[in-house]
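Here the structure comes first, spelled out in structure tokens, and everything after it is commentary.
Computed from the coordinates by the stated procedures, all read-outs in this text should not be read as laboratory data. If you're wondering where the values come from, they're calculated on a predicted model, not measured in any experiment. We place every Cβ from the backbone using ideal geometry, glycine too, and count neighbours over all the protein chains shown.
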Amino acid sequence: MTDWIWIHYTRARPHWYELSDADRAAKRTAWADVARETEAAGGISQGRYSVRGQSDFAIVETWGFPSADAAFDHWSRLTRAGYAEWFVSTNTIGLRCEDAA
């Protein structure tokens, strides 16, 4: 069960575009490995979406997690894999509400 939601807003830093296609592909592969590890540990990717309108970010990605610690572990592994060097981002985490009124 994934009672925790992680919302990740992101955009590439300018120097991301200076990398070769091969270097960008290698980094994406490393981050995809992190995502597979997260899924194996119970995280569920709910998708990546292009952001339109008035936003500081280009992409929003959401994940469901069994705990806040699992979400933190996912972000920690992405950070160790160099993600934050290449992308500006902000994260929000929340717990499912039983009564949203």
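In the list (1) 14.4, 49; (2) 26.2, 85; (3) 15.9, 63, the label attached to Rg and Dmax of the Cα atoms in Å as derived from the coordinates here is (1). Label-to-label distance for residue 93 and residue 21 is 3.8 nm, based on points extended 7 Å past Cα in the beta-carbon direction. In the chain, the DSSP-assigned H stretches of four residues or longer account for a calculated mean residue ellipticity at 222 nm of -11500 deg cm²/dmol, using -39500 (n - 2.57) per stretch and the full residue count as denominator.
Each residue, residue 56 and residue 80, gets one label point 7 Å from its Cα in the Cβ direction; the gap between the two is 2.8 nm.
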